[in-house]
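These notes are about the structure you will find just below.
Throughout, read-outs are computed from the coordinates displayed, never taken from laboratory work. For clarity, every value in this text was computed on a predicted model and none was experimentally measured. So basically every Cβ, Gly included, is an ideal-geometry build from the backbone, and we count neighbours across all protein chains shown.
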Amino acid sequence: MIHLFFTFCWIVGGVTLCLLIFITYPTSGDELYMRSRILQIVDDYFIIYGAFGALITGLIYSIWTNWGFVRHPWIIVKWIMTILQIVFGTFVLGPCINDNVIIADLLRNQALSDPIFLENVWTTQIWGTIQTLLLLTIIVISVQKPWKMRTGGFQR
């Protein structure tokens, strides 16, 4: 249940981030700053804690249960996807979100014409959406458990 809770937090954070960045249109510098700050809060408290919580509880499952790390191909795929998403989120998306809070705070209305701010928004929109879709793919893999092992090799 704890693993599912963290996974849920991560996915809800991703969906929330996507919704906020696509359906809100700040009309003032203060609103722009607040949207940027809210995105940062969602990232800091839902996405980051959810991702690391899911990672840690996944490690616990892999170490202390029969699921293991490499016993099933679908678990290997989940591990690869999870680690890549955490790394990408940490080094690409996180800095975009954090930098936009600083830029929006300093520039307010002028932030909407700042190329770095706009690039960060674009990066967050596109790659945040891809990240969220990949998270949903991990859930499908967890439920369907494709590529099950059988005595003669992999089964499709």
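In table form, for the structure just shown:
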| item | result |
| --- | --- |
| Subset of region 95-114 (residues that are under 24 Å from the mean Cα position of the chain (by Cα) and surrounded by fewer than 17 Cβ atoms within 10 Å (Cβ to Cβ)) | P95, N98, D99, I102 |
| Residue selected from region 57-79 under the condition of a type in the set (V, I, T) and closer than 13 Å to W147 by Cβ, by the criterion surrounded by the most Cβ atoms within 10 Å (Cβ to Cβ) | I75 |
| Checking F88 against (1) surrounded by 15 or more Cβ atoms within 10 Å (Cβ to Cβ); (2) over 26 Å from R37 (Cβ atoms), the condition it does not meet | (2) |
